[in-house]
1. Which whole-number value in Å² is the accessible area per residue of region 107-228, probe 1.4 Å?
2. Suppose every K and R has +1 on its Cβ and every D and E has -1 on its Cβ; what is the size of the dipole of the chain about the Cα centre, in Debye to the nearest 20?
3. Any aspartates and glutamates with Cα under 12 Å of the K87 Cα? List them, leaving off those in the same chain fewer than 8 positions away.
4. Report the convex hull volume per residue for the chain, counting only C-alpha atoms, in Å³.
5. In sequence order, what are the phi-derived ³J(HN,Hα) couplings for region 200-212 according to the Karplus relation 6.51 cos²θ - 1.76 cosθ + 1.60 with θ = phi - 60°, rounded to whole Hz, with x for glycine and proline?
6. Gap in Å between the Cα centre of region 100-154 and the Cα centre of region 17-69?
7. Which three lengths, in whole Å and largest first, does region 1-99 cover when its Cα atoms are put on their principal axes?
8. Along Cα→Cβ, 7 Å out, is where each label goes; now give me the distance between the ones at E178 and D6 in nm to one decimal.
Amino acid sequence: MLTADDFPLTERDLHVLRRTFRDYTELDHWLPGGEQYRRRAYQCFDLATARLAEDGPGALTAIDQPPPYVQSKQINPVAGDIERTFKLIPPEHPATEPTRQIATAVARLLAANGVLSAHTTPHCLVDAHYMRLIAPGHPAPEGKHRDGLIAGSAHLIQRTNVTGGVSALYDRYDPDRELCGFVLENPLDSYVFDDERVLHYTTTITVTDPDAGAGLRDVLLIGFRKRE
């Protein structure tokens with residue numbers, strides 16, 4: 001678990017991210033049944049793991065034209081075996097630098113715990129998914145699941161007028177065994193997970209007060225996968 005104190009972001013950086021979720025995400029056309037509760041945008045970086053300790057954010061290079069995002073049907077029964085493309089955030093976008101800073105902090109944590117290393121994962125693709133959920137909506141329509149990654153993380157950017165959204169991690173080999181449960185409540189409340197070892201899930205969000213406007217949950221998802 002991480003909080004805002006673990007990231008070198010300013011209030012201006014958070015403002016840039018909130019504005020990006022508001023203005024730059026578009027309807028996720030890959031949801032089943034034409035559901036329209038999720039908006040998203042996407043960005044992808046190359047991570048040179050050997051440069052991480054010395055160069056920090058300089059070890060991550062934004063990719064101008066990343067390949068389509070693909071998960072297997074076994075991993076993602078909702079949208080597996082599909083070459084998905086999303087609204088692409090270009091490298092020159094103002095959100096690139098704060099997102100790079102977040103990904104760098106996570107990468108350093110993973111390297112310190114041996115999940116990433118220059119020997120076993122010299123280059124990684126780092127996916128950044130800008131996910132806006134509009135209540136009522138399902139953060140994890142796949143149910144308890146893995147992402148098919150080396151590791152991943154989730155970072156709350158904004159939570160407004162919603163109830164629910166309880167996250168939990170489970171033992172991959174004993175899915176009924178809950179390891180921990182929590183709610184991301186404050187900006188940059190985050191969790192990092194080893195995707196080889198755990199499953200994760202987040203419950204449905206609903207509107208707290210229908211008279212107070214839309215219920216929103218903006219989360220930046222970061223994923224690390226091997227670059228072939």
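1. On the way: 5370 Å² over 122 residues.
Counting only protein heavy atoms, the per-residue value for region 107-228 is 44 Å².
2. Details: 24 positive and 32 negative charges, 51 e Å.
Using only the charged Cβ atoms, the result is roughly 240 debye.
3. Reachable aspartates and glutamates: D23, E26, D28.
4. Working: hull volume 28.1 nm³, N = 228.
Taking only Cα atoms, the chain has a hull volume of 123 Å³ per residue.
5. Listing the rounded values in order: 9, 7, 9, 6, 4, 9, 10, 6, 6, 10, x, 7, 9 Hz.
6. What the calculation gives is 11 Å, centre to centre.
7. Largest to smallest, the principal-axis extents are 44, 31, 30 Å.
8. Modelled inter-label distance: 2.1 nm.
The values are calculated or read from the model by the stated rules, or taken from the named source; none is laboratory data. Remember, it's a predicted structure, so these values are computed and weren't measured experimentally. All Cβ positions, glycine included, derive from the backbone under ideal geometry; neighbour counts span all protein chains shown. Remember, those area values only see protein heavy atoms, side chains included, never the ligands or the DNA or RNA. Shrake-Rupley method; radii C 1.70, N 1.55, O 1.52, S 1.80 Å.
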